[in-house]
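Heads up: the structure comes next, in structure tokens.
Each reported figure results from applying straightforward, stated rules to the coordinates on display, with no laboratory input. As the structure is a prediction and not an experimental result, all values here were calculated from the model. Neighbour counts are summed over all protein chains in view; Cβ atoms, including those assigned to glycine, are modelled from backbone coordinates with ideal geometry.
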Amino acid sequence: MLTTNSDLTSKEFIEIHVVLGNDSQRYRSSSGCLIRCKLVNLRAKQQCQISVHVLCGLMQVDDGSGRLQDFLQWCDRVGLVLSNKVCVSTVGTVADYGMLAKEDIEEGEVLFTIPRSALLHQETTKVSALLKKEKSSLESSSGWVPLLLALLYESTSSQSYWKPYLSLWPGFKALDHPMFWSEEERDSLLKGTGIPEAVTTDLSNIQREYTDIVLPFIMRHPELWNPNTHTLELYTQLVAFIMAYSFQEPQEEDDDEDDEEQEKKVPSPPMMVPMADVLNHVSSHNANLEFNPDSLKMVSLRRILRGEEVFNTYGQMANWQLLHMYGFTEPYPGNSNDTADIPISCLYQAATQDIQSDSEQQIFDERFQVLCQMMQENRALVFSKQGCLTESELHSALKLLCMTADEFSEFKDNEGWEEDDEDDDKITQIFSNEGLPDLKASWKRLIHEAARLTLRSYGDGELESDRLLMEDQAALKGLSSRQWRALQVRFGQKMILHRLLQLTKS
């Protein structure tokens, strides 16, 4: 039976997905009459079962699982308040799920409110008491183990309070982070982007964390966890789930603390925020999640028109970060936060090309060792579409690596250079796209050569070949989703590096 709580009009766009045995057919029309006629004809065959939900004045067909409806009913039970101006949909959104505006929304309107009791984390799971009792044995570099153990339990318990929420991602099989690609795919599609190296580190850390911390804990509590069910494979999928869908509460800033003290603060543990994680991301988002003492609220940042998708932001993320952490990318050139890294190794290679003697190499290596100590864990210089984002590190690197022997000797005697008379704003301007062409010739040469070497690290795929592919709509349609996403990352990074070459050429 076809049911609806909204009258169909000729202005509404309707999509009906009809399942006939093992076959399916999708009907689209802007005419309610046309759809009704088709449904009458199909009903006459007595072969179809149709389930229809009306969202945003659009007719949306369920896949028969009822997962979305179960989730929305669960939201009502836990006190999550959803504005009548928005709806959750699987149609008209950029991903499997999303949120659409049913009516025009003004800036500052609350789209939904989530009570803190409806947040899933280590203190709200059924096994919270045990996790708290054995907290000291669950410490890890990631800080995610308690939430992961909670998710291992809740996602496999048929009686879980969180089942209607977690069932939106059945088996977590739809996650397609690069960690689930084959090593060959990562190396061929993402070479030079930094993602293969990041994934290798992730997988190593995940396996170590599971083997050293999680598995011994599971074995101590067989009444709650089973190593045959709660496997390394499921654990890895849940890591990706947290990467893609969790939130961290922002740290409160103390005006009396300096930057170094702020950086030493332990970050808030991740938590799952039902409904907020249904929203998709774009850099030009139109809504933002606000954290309050009793609840979390999604608030519109600007006017959102009826039929528009509501977008949250996951932060200022480059495409390589979006793919690595969330499994998707923004289409080029839409991501205003895109970046490209110049590895410190390319800077080293660029600076040593003209060295002709062992003594010169020894002196240079001493300088480079000092630079590595200054940069600490920052193993790359980061460039955006507007210029260098790690301008202080780049400034230090250029001064140090381009010193004369006498200047370096004085630098060592003074245990560093004197207080720089150039303030942060001036350094930012120097290394912006506007300032780069006016750098010292020696500095420009070093940046130029490091950028050229970085471009070479992408392998056989030249910039021009990727450019031609980006402009060939037929070829783009023939790409797999992984190939398409990798292309957006690759091409965006190459364009930033190519622009850098132009700005620093002699």
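What to note about this one:
- Among 371-378, 183-190, 463-470, the peptide with the highest mean count of other Cβ atoms within 10 Å heads the list, and the full ranking is 183-190, 463-470, 371-378.
- Packing, as the average of other Cβ atoms within 10 Å across residues, places the peptides 145-153, 424-432, 437-445 in the order 145-153, 424-432, 437-445, highest first.
- Gap separating the Cα centres of the range 310-333 and the range 65-139, nearest whole Å: 21 Å
- Over 18 Å between alpha carbons, listed pairs Lys440/Lys505; Lys399/Lys444; Lys399/Lys426; Lys440/Lys494; Lys191/Lys477: Lys440/Lys494; Lys191/Lys477
- Taking amide hydrogens as placed 1.01 Å from N in the peptide plane, the amide H of Ala287 sits under 5 Å from those of Leu301, Phe311, each at least 5 positions away in sequence or on another chain.
- Karplus (6.51, -1.76, 1.60) ³J(HN,Hα), θ = phi - 60°, over the range 178-183, in Hz, Gly and Pro reported as x: x, 5, 9, 7, 6, 4
- Under-5 Å amide H pairs with Leu381, H placed in peptide plane, nonlocal only: Ile342, Ile344
- Distance in nm between pseudo-label sites at Lys385 and Arg452 (7 Å out along the Cβ direction from Cα): 2.7 nm
- Karplus-derived 3J(HN,Hα), 6.51/-1.76/1.60, for each residue of the range 366-371, Hz, glycine and proline x: 5, 4, 5, 5, 4, 4
- Relative contact order computed over the range 286-353 (Cα-Cα under 8 Å; 6+ residues apart), in percent: 22 percent
- Value of Rg/Rh across the range 301-439 [Cα atoms, Kirkwood radius]: 1.10
- Note: relative contact order over the range 90-194, using C-alpha pairs below 8 Å and six or more positions apart, is 13 percent.
- For Phe112, the residues whose amide H sits under 5 Å from its own are Ser83, Met298, ignoring neighbours fewer than 5 places away on the same chain, with H placed 1.01 Å from N.
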